[in-house]
1. Could you check segment 1-113 for helices (runs of 4 or more DSSP H) lying wholly inside it with 2 or more residues that are open to solvent by 30 Å² or more (accessible area, probe 1.4 Å), on the phi > 0 side of the Ramachandran plot and at pLDDT 95 or above?
2. Within segment 120-127, does at least one residue satisfy the condition of being without any contact (Cβ under 8 Å) to a residue 60 or more places away in the chain, over 30 Å from residue 184 (Cα atoms) and out of contact with any Gly (no Cβ under 8 Å at 6 or more places or on another chain)?
3. Restricting to segment 492-508, give me the number of residues that are of a type in the set (Gly, Ala, Ser) and free of Cβ contacts under 8 Å to residues at least 60 places away in the same chain.
4. May I ask you to verify whether residue 440 is part of a helix (DSSP H, G or I) and farther than 23 Å from residue 567 by Cβ?
5. Go through 501, 458 for me and flag whichever is open to solvent by 60 Å² or more (accessible area, probe 1.4 Å) and assigned to a loop (DSSP other than H, G, I, E, B).
6. Can you go through 355, 334 and tell me which one is modelled with pLDDT of 95 or more, farther than 30 Å from residue 457 by Cα and touching a Gly at 6+ places or on another chain (Cβ under 8 Å)?
7. Test of understanding: among 131, 178, 189, which residue is of a type in the set (Phe, Trp, Tyr) and open to solvent by 10 Å² or more (accessible area, probe 1.4 Å)?
Amino acid sequence: MANEEENVKRKLAKLFEVALKVTVPSVADVEPLVAACTGKFGDYQCNNAMGLWSKIKGKETEFKGPPAVGQAIMRNLPQSDIIESCSVAGPGFVNVKLSRNWMAQSIQRMLIDGIDTWAPRLPVRRAVVDFSSPNIAKEMHVGHLRSTIIGDTIARMLEFSCVEVLRRNHVGDWGTQFGMLIEFLFEKFSNWEDVNEAAIGDLQEFYKESKKRFDSDPDFKERAQKAVVRLQGGEQKYRKAWTQICEISRNEFNRVYQRLGVQLEEKGESFYNPYIPAVLKELTSKNLVEDSQGARVIFLEGFNIPLIVVKSDGGYNYASTDLAAIWYRLNEEKAEWMIYVTDVGQQQHFDMVFKAAKRAGWLSTDDNAYPKASHVGFGLVLGDDKKRFRTRSSEVVRLADLLDEAKSRCKTTLIERGKGDEWTEEELEQTAEAIGYGAVKYADLKNNRLTNYTFSFDQMLNDKGNTAVYLLYAHARICSIIRKSGKDIEELKSMGAIVLDHADERALGLHLLQFSEVVEEACTNLLPNVLCEYLYNLSEFFTTFYSNCQVVGSAEETSRLLLCEATATVMRKCFYLLGITPVYKI
């Protein structure tokens, strides 16, 4: 079911908007500053009084200072069944305490109508999320993990928020390395047209062997360079060999995506190639492109180097491809928001490309208006030595190996806990996979993406603290409480009622109601860790509630079972948005 109601923060902002217009009619377009608060005075706070005082001070006004402005805002709040009480604290902060009855009814409605009614509303209809983007003929390694799972979570959050998301895999499938690979394919296999994945074997090794030949044999190097020209000229034999190599690589990528539960549509560098000449022509007609030392460049204010769009040898580069991709996404795919998920090292490149697109009039110069483009940067994955995470032989860690290890460790732990005797082999496999892959994803997503993080199986597979294992176990325990009650939860949803009389019931209920605004914040700022923090806090609120409020066998059993179900429902949606498969028993 589509979203039918706004989140609490937006509802309160609308009420305060009315109050602000009545309180200070002389000040136009005052944006209500409403925030959730943790203080004992209220659940939410409106913080406009001080800012307004600075605007009206010294003019004809009835107010004597910020507290008086706060009092007037509070008096002018329209009547609403959301609000139980209000108070003013300090320099005019208006504290709002929500109505318990309204909170209980809202949670109950979500249980009946579904959690999609809590989806936030964003001011954008269609977005492109460009993520993962490995290079053809190279193995996906731990560095691709961050782009893949951060991008997937951003796409999932936007999709939940009713945005149409075009998930794009901008693979590196074009460039000088293909001459080397094609020539090596011809040399190694006389019947190259019939060569399949099994014959080539490990594509990473194939790449290394061809690179070795390229670096050591001048004749081979010359043939490889000519092969690039023939490929880019569209010669059929070379195109066919290129297609074969891409297909083998693509199959390897897809096996990893399948394991991670990630959906992507490939539109690689080669896809945008035909659009480059017309795009450069348009940019030139707008007097953006200039000649400089044999190359064609765009000079941009604020940068001490120009953006090269045609190299001195006449070839195109990342900038020409990325500008063509922006043009295509805006004009052909009609995207309003383009989100690029790459490491922070590419920040300057994208800053320059986006600035060029703004100068061309393609993107809005106002960063809060659409159409716009955003770079989602992320830090490095480090090993215990605080250097880039590598194997003992200094190789990059293959993503497939890393996932195998996570699953294997989880399966061992489950067998040690006696689950090998209790469960079928299929249950054991599925649970080990859900927990292992979930642990890898959550360990990454819970950090602010801009920071580096240390990869540690021991930490991420710990069942205590802020880990996926702890959260998945917490969810399974809630499901167990509901199962052991023997009650039909669907029947309770329609027949029973939620009551939030105990302080810990109310605290849990309030946190549940804040789910929608947290997802909105995570989407707006493109920060998945905000959702992780919410999920961990939700499990903590539930633990406190369950410790202090008897569920099964209590007078409040029906209400408390419904609170258990609401918590499990919100946890499951959080897991889904993070790309984690929930477990129901442990």
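1. Details: elements: 8-23, 49-56, 66-75, 100-113.
The helices (runs of 4 or more DSSP H) meeting that bar number zero.
2. Of the residues in segment 120-127, the ones without any contact (Cβ under 8 Å) to a residue 60 or more places away in the chain are none.
The answer is no; no qualifying residue exists.
3. Looking only at segment 492-508, we keep the residues that are of a type in the set (Gly, Ala, Ser), and these are 494, 496-497, 503, 507.
Now restrict to residues that are free of Cβ contacts under 8 Å to residues at least 60 places away in the same chain: 503, 507.
Adding up the residues that qualify gives 2.
4. Values: part of a helix (DSSP H, G or I): yes; farther than 23 Å from residue 567 by Cβ: yes.
Criteria met by residue 440.
5. Working: 458 fails: assigned to a loop (DSSP other than H, G, I, E, B).
That would be 501, the only listed residue that is open to solvent by 60 Å² or more (accessible area, probe 1.4 Å) and assigned to a loop (DSSP other than H, G, I, E, B).
6. Values: 334 fails: touching a Gly at 6+ places or on another chain (Cβ under 8 Å).
Matching residue, one of 355, 334: 355.
7. Numbers: 131 fails: open to solvent by 10 Å² or more (accessible area, probe 1.4 Å); 178 fails: open to solvent by 10 Å² or more (accessible area, probe 1.4 Å).
189 is the lone residue from the list that is of a type in the set (Phe, Trp, Tyr) and open to solvent by 10 Å² or more (accessible area, probe 1.4 Å).
Okay, residues lined up against (1) within 22 Å of residue 436 (Cα to Cα); (2) at pLDDT 95 or above; (3) within 22 Å of the chain's Cα centre (by Cα):
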{"site": "504", "(1), (2), (3)": "no, yes, no"}
{"site": "525", "(1), (2), (3)": "no, yes, yes"}
{"site": "542", "(1), (2), (3)": "no, yes, no"}
{"site": "561", "(1), (2), (3)": "no, yes, no"}
{"site": "566", "(1), (2), (3)": "no, yes, no"}
{"site": "571", "(1), (2), (3)": "yes, yes, yes"}
{"site": "577", "(1), (2), (3)": "yes, yes, yes"}
{"site": "585", "(1), (2), (3)": "yes, no, no"}
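The values are calculated or read from the model by the stated rules, or taken from the named source; none is laboratory data. Keep in mind the model is a prediction, meaning the values are calculated, not measured. Virtual Cβ from ideal backbone geometry, glycine too; neighbours counted across all protein chains shown. We work out accessible area using only protein heavy atoms, side chains counted, and drop any ligands, DNA or RNA first. Shrake-Rupley method; radii C 1.70, N 1.55, O 1.52, S 1.80 Å.
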